[in-house]
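What follows is a short report on a single structure.
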Amino acid sequence: MTGEMPAARDLGTPVKGVNWVRLHAGSTATGEASLLVTMGQNNGGLIVLDVDLETGHCSQYSVSNRKNSTFPTATFRSLQTGILYIGSAWDAHLHRFDPAHPERGVEDLGSLGEGSTFPTGVNEAPDGSLWIGTAPEARLIKYEPSSGEFTHLGRMHDDEVYLYPLVGDDYTVAALVRVVRPHMVMVDPVTGEHREVGIEITDSTDDSQFIRFFKGVDRRLYVSSHTGDYMLRDLTLMPVEHLPDPMPGIHAAGEHRYQATFTMPGGWQAKLVNDRSGTPRDLLVTNVNPRIASRRLQMDWVGGGSNVHVIEEGPGGMLYGSSYLPNHLYRSSLDGTVSEDLGQHSIARGQAYSATTIDNKVYLASYPQARLSVYDPGRPIKFGTEASDNPRDLGRFDKVGYRPNALIASADGKLWMGSGPDYGLIGGTLAWYDPATEESNSHRAIVPDMSPTSLLWLDDLKQVLVGLSIEVGTGAEVQRFDAGWALWDPVADELAWWGDLGVDDMADVTSLAPAGEGLVYALIGRGDHLLTAGAPPIGPRLALIDPAKRELVSIAWLPEEFGALSWHGHHSLRVAPNGDVYGATAYAIFRIIPGTCEVERIWQVDEPEPRLGVWMTSLSPNSIDLVGPIVGNEMFFATGWRLRAITLPKVD
């Protein structure tokens, strides 16, 4: 290399959307109609809006900890006091906003305690106490607003992840537990003791099995399930012939919506129009009295920015990708002078995990459900699921794939998608889709207990090289500690070979890149999502392999100063126009000396900060959260919501 270390340039924030959006209808202290809105965002933390129902103007309030209190994953507006309570991710804090005292802002009431990353549900008992469920340890917590005291009642299941509690006006306390084996528990409100009550889902891929848990208009708790309909009372199930309507203003347990529209004083109701947009502003205010005209209002909230989750080169020399919650398609010029938020591209509202281009069309694979979508830059934008729509959601290929780690094209024009499994499941999927015929096929666990995490088309072998991972669905425990590689025959549509090439402590093959002369570079690493699933930490390594001979050519650990153990490494190996391969960790960009596993650092974060333990949170103000393509002599990456680039130094 020649010259000094290059400087990183910011190209802008492609998407400024919001997530976890909920309307909270209620009344003011003087009995007037009141509408509050909660929204989450990466840049600036979660916000509360107090909406003027005449004009749509929003008085906007932010949390004090804007870096960690980012998403309002559990919210509840008291039907007794009108006070709004908000549970935040990823710091698991409880907050309060009292519209009668807006000068107090969004008050931080404290942490929900060790073992909790985010709350999953909040409900109110007749005495005003709050009952809160958390993840990832399915804990139940009671909070007394009058005293500010938290009572920790412990885990409701030793191996489960999510907890969704409800409290009846008869003080029956029950909760839906998810995700490996969704089931119901009832809780003694005095002692905190709990027990299962015999309603469970044993196979999450079986659509006939279901649990719907809600609070009825009679203010008691009910369950509708594949085993029958019941009222919950006195720690028992009581069969019922007819279920009441759900009570307005209560979140559906296990779902992220209210049970029914709440009617405010004066007969007013409010709902978002096109609320799946990720930038909801269009508010419809109606009255139960048909003689009173409705109002169509535009909310004027201001967003800070959504994390970039995919960057790839696409048609017209532009960069295309997706943002994280909301899952928006964006495009940007290489210099950042043009940046467009193209809006929704998939029914999957999380984020795209991977993307590629075929025939000047951009294909994206998104979480959840590993849904495939396509965008044609040459046609007008109109999102939908029909053939005439653009972008178009093409659907999912099976009931197992959930996190589509890799998406590539093969020489015959097919798309290949490798995915981790749904929550609680083990063994991901390798699927293919033919855009010309719209035919597809999917294979689960091509190697037992493993998931595809990277893919590379090998033109000389006419096969797909699959980088394997021990990844399991959230909530499940890993079944093995060593991953490997596989070769897939696209003609026979079957596994041709798999192995670990004799590598000890074989972590996940998270990125693949052609090295020339039939050889392939692989980055082997282990992300923190696997550490939480029971896998031991293993540092990142580079391997050079010969797929044709099925041999390991060389392997080397990356220098410790290059990055943290928990760097996942997806899409992090990139090929320059001259064939050189570059890579990145969370803290450094490096070039691989051709034909070896030796590396030279070309860019480094100045002062790396310790990881916060949550993969959605940036490591530092300059960390490399996502690696993008090399176009010309420019390498692109993202730090949180910022799209960035460096100019690669000339090679001697």
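Values in this text are rule-based calculations from the coordinates and carry no lab data. The structure presented is a predicted model; accordingly, all values stated were derived computationally and were not measured. Note that we place each Cβ from the backbone using ideal geometry, even for glycine, and neighbour counts take in every protein chain shown.
Descending by average beta-carbon neighbour count within 10 Å, the peptides 632-643, 98-109, 208-219 line up as 632-643, 208-219, 98-109, the highest first.
With the convex hull of its Cα atoms as the shape, region 308-647 has an orientation-averaged projected area of 15.3 nm². The phi torsions of region 278-294, fed into the Karplus equation with coefficients 6.51, -1.76 and 1.60 and a -60° offset, translate into couplings of x, 9, x, 10, 7, 10, 9, 10, 10, 10, 5, 7, x, 7, 9, 5, 7 Hz, rounded to whole numbers, with Gly and Pro shown as x. Over the chain, dividing the summed -39,500 (n - 2.57) contributions of all DSSP H runs of at least 4 residues by the number of residues returns a 222 nm mean residue ellipticity of 0 deg cm²/dmol. Under the criterion of Cα pairs below 8 Å and six or more residues apart, the relative contact order for the chain equals 9 percent. Exposure proxy for Ser410, Ser454: other Cβ atoms within 10 Å of each Cβ, ordered fewest to most, give Ser410, Ser454.
Annotation: region 387-440 has a Kirkwood hydrodynamic radius of 12.1 angstrom, from the mean reciprocal C-alpha pair distance. The largest-to-smallest principal axis extents of the Cα set in region 448-500 are 38, 18, 15 Å.
Amide hydrogen proximity for Thr453: with H placed 1.01 Å from N in the peptide plane, the residues at 5 or more positions away or on another chain lying under 5 Å are Gly467, Leu468, Ser469. Packing, as the average of other Cβ atoms within 10 Å across residues, places the peptides 455-466, 523-534 in the order 523-534, 455-466, highest first. Amide hydrogen proximity for Thr134: with H placed 1.01 Å from N in the peptide plane, the residues at 5 or more positions away or on another chain lying under 5 Å are Thr120, Arg139, Leu163. The ranking of Arg155, Arg574 from fewest to most other beta carbons within 10 Å of each one's beta carbon is Arg155, Arg574. Rounded to the nearest 20, the Cβ-based charge dipole of the chain about its Cα centre (Lys and Arg +1, Asp and Glu -1) stands at 1460 debye.
Farthest towards the positive end of the charge dipole of region 1-141, among the residues Asn123, Gln80, Pro14, is the Cα of Pro14, using unit charges on the Cβ of Lys, Arg, Asp and Glu. If you average the alpha carbon positions of region 624-652 and of region 141-171, how far apart do those two centres end up, in angstrom? Their Cα centres are 46 Å away from one another. Residues Arg139, Arg349, Arg591, arranged from fewest to most other Cβ atoms within 10 angstrom of their Cβ, appear as Arg349, Arg591, Arg139. Spatially, region 51-116 and region 184-215 are offset by 29 Å when compared through their Cα centroids. From zero up to wherever the largest Cα-Cα distance of the chain sits, split into 20 Å bins and tell me the percent of pairs in each. Result, from short to long distances: 18, 51, 27, 4, 0 percent.
The order of the peptides 473-483, 119-129 by mean Cβ neighbours within 10 Å, most packed first, is 119-129, 473-483.
A straight line joining the Cα centroids of region 313-376 and region 398-427 runs 17 Å. The C-alpha atoms of region 78-121 occupy a region whose extents along the principal axes are 33, 21, 12 Å, arranged from largest to smallest.
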